[in-house]
Amino acid sequence: MASYATCTEVGPLCPVELTTYGYYPNFGGNIFFVVFFGLLGICQTGLGVYYRTWTFLTALLIGTFMEMAGYIGRVLMHDNPWSGPAFKLQIVCLVLAPTFVAAGVYLTLKHIILSLGAEHSILKPRLFTWIFIGCDIGSLVLQAAGGGVAAAAGNTNFELLKAGDNIIIAGIAFQVATMTVCGFFAVLFFWRVFKRGDGFSGEKNLDVSPIVPKWMPFVVGTEVFAYFTVLIRCIYRIPEMAGGWGNPLMQKENEFLVLDGMMIALACLAFTIFHPGVFLPSLRFAPKNRA
C-alpha cells in the first residue's frame, strides 16, 4: 500500500492521488506565502526592536517565521508530494503558528484596555495575558502532542493516526473556545467604554503620546480584524481535520490557501501596518511598564 513510509516519489505504484493532500501543492501560491511571511517577519523584527515591544515581537516573529517554514514545506512538496520531511514540516508549522499570532491579539487587547480605562473591564488587564495566553499555551501543547502522535503513527498505524488527529482537533477547538471567551470580555469592555466612559478619547495613560486618541479607532479596528481572521482560520481547521487525513476538504487547496494562509497573512499584515507598539506606549519595554 502506498504511504510515506514506502513511497519516495510519484510513480505508477505511488500516484499523487494517494498522498494525504492528493495534489501537487501550487508552486506560485505557496511561494507567495513564503516570501510574504518572510517580509512580515523582517518588518516585525525592525518595528519590535525599534519600539522595544519584546513580548509582542516574540509572538509575531515566531508566528510569521513558522508560517514561512510551513509554506517552504509545501513548496518542497510541489516537487515531491511524497516527501515525508516536507509534509511533517508544513503540517507542524502551519498547525502551530497561528497560536502565536493569537497571543499577539491577546497582548494587544490588554494594552488597549490599559489605554481606554481598565476600570471598564471585568477582568484586570494583566489577566488577559495570564489567562488567555495561558490557554493558548495549553492549546499549543495539545496540538503539538497530536502532531507528534500522528507523525509517529505514519500511514500504517491508523488507530494511532486517528488518535493524533483527535488530539489536534481538541487543541484547535480549545483555541476557538478561548478566543470566543476573550471576544465576549472584549465586547463587554468596549460596550462599557462607550456607555460609561469617554469612548476612544478617554485616554487613561498620562504618558501616552497625543497621537494615540486620534489613532485609537484604527488600533481597535486592527485588533478586531486580526481577531476575526485568526478565528476564521481556527474554525476552518476543525472540520478540515475532523474528516481525517486525506478527507475531501483537506484535499481542496484553494480553500486552504484562503481560509488558512490568507487569514493569518492578513492578521500579520494588519499588525505590521498598524503596529501596536507605535500607538500603545504601555506595550513598549520600560521598567515602569513591567508592573
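The values are calculated or read from the model by the stated rules, or taken from the named source; none is laboratory data. Only a predicted model underlies this, so the values are computations on that prediction, with no experimental measurement involved. Cβ placement follows ideal geometry from the backbone for every residue including glycine, while neighbour counts extend to all protein chains displayed.
Out of Ile133, Ile122, report the one residue that is surrounded by fewer than 19 Cβ atoms within 10 Å (Cβ to Cβ) and more than 28 Å from Thr19 (Cβ to Cβ).
After ruling out the rest, the residue left standing is Ile122.
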- [ ] Please work out which one of (1) among the polar types (S, T, N, Q); (2) more than 16 Å from the chain's Cα centre (by Cα); (3) closer than 30 Å to Pro281 by Cβ is the condition Asn80 fails and give its number.
- [x] (3)
TODO: Just give me the residues in region 92-128 being assigned to a helix (DSSP H, G or I), farther than 21 Å from Thr229 by Cβ and touching a Gly at 6+ places or on another chain (Cβ under 7 Å), in sequence order.
DONE: Val92, Leu116, His120
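Residues are listed down the side, and each one gets a yes or a no for (1) surrounded by fewer than 18 Cβ atoms within 10 Å (Cβ to Cβ); (2) among the polar types (S, T, N, Q); (3) out of contact with any helix residue (DSSP H, G or I) (no Cβ under 7 Å at 6 or more places or on another chain):
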{"site": "Gly221", "(1), (2), (3)": "yes, no, yes"}
{"site": "Ala226", "(1), (2), (3)": "no, no, no"}
{"site": "Pro239", "(1), (2), (3)": "yes, no, yes"}
{"site": "Asn247", "(1), (2), (3)": "yes, yes, yes"}
{"site": "Lys252", "(1), (2), (3)": "yes, no, yes"}
{"site": "Leu283", "(1), (2), (3)": "no, no, no"}
- [ ] Evaluate region 182-193: report whether one residue or more is surrounded by fewer than 21 Cβ atoms within 10 Å (Cβ to Cβ), among the aliphatic types (A, V, I, L, M) and at pLDDT 90 or above.
- [x] yes
- [ ] Answer yes or no as to whether Glu67 is in contact (Cβ under 8 Å) with a residue 24 or more places away in the chain and outside any helix (DSSP H, G or I).
- [x] no
Task: Residues (within 13 Å of Pro98 (Cα to Cα) and either in contact with a helix residue (DSSP H, G or I) (Cβ under 8 Å, 6 or more places away or on another chain) or aromatic (Phe, Trp, Tyr) (or both)) located in region 261-275 - done: Gly261, Met263, Ile264, Ala265, Leu266, Ala267, Cys268
Open item on the list: I'd like the residue in region 76-85 that is in a helix (DSSP H, G or I) and surrounded by fewer than 20 Cβ atoms within 10 Å (Cβ to Cβ) and, out of all such residues, is modelled with the lowest pLDDT.
Closed with: Gly84
Open item on the list: For region 221-260, give me the residue count where each residue is basic (Lys, Arg) and either within 15 Å of Val101 (Cβ to Cβ) or touching a residue at least 40 places away in the same chain (Cβ under 8 Å) (or both).
Closed with: 2
Task: Tally of residues being under 14 Å from the mean Cα position of the chain (by Cα) and basic (Lys, Arg) across region 222-273 - done: 2
- [ ] Quick one: count up the residues across region 18-31 that are among the hydrophobic types (A, V, I, L, M, F, W, C) and surrounded by 17 or more Cβ atoms within 10 Å (Cβ to Cβ).
- [x] 1
Open item on the list: So if I check each of Leu231, Leu259, which one is surrounded by fewer than 21 Cβ atoms within 10 Å (Cβ to Cβ), of a type outside the set (S, T, N, Q), at pLDDT 95 or above and more than 21 Å from Leu160 (Cα to Cα)?
Closed with: Leu259
Task: Every residue from region 221-240 that is β-branched (Val, Ile, Thr) and closer than 13 Å to Thr180 by Cβ - done: Val230, Ile232, Ile235, Ile238
- [ ] Select from region 2-61 the residues that are part of a loop (DSSP other than H, G, I, E, B) and closer than 30 Å to Leu107 by Cα and list them in ascending order.
- [x] Arg52, Thr53
- [ ] Please indicate, with yes or no, whether at least one residue in region 26-49 is touching a residue at least 24 places away in the same chain (Cβ under 8 Å), farther than 16 Å from Trp245 by Cβ and among the hydroxyl-bearing types (Ser, Thr, Tyr).
- [x] no
- [ ] Taking Arg290 as the residue in question, decide whether it is of a type in the set (Lys, Arg), modelled with pLDDT under 85 and over 19 Å from the mean Cα position of the chain (by Cα).
- [x] yes
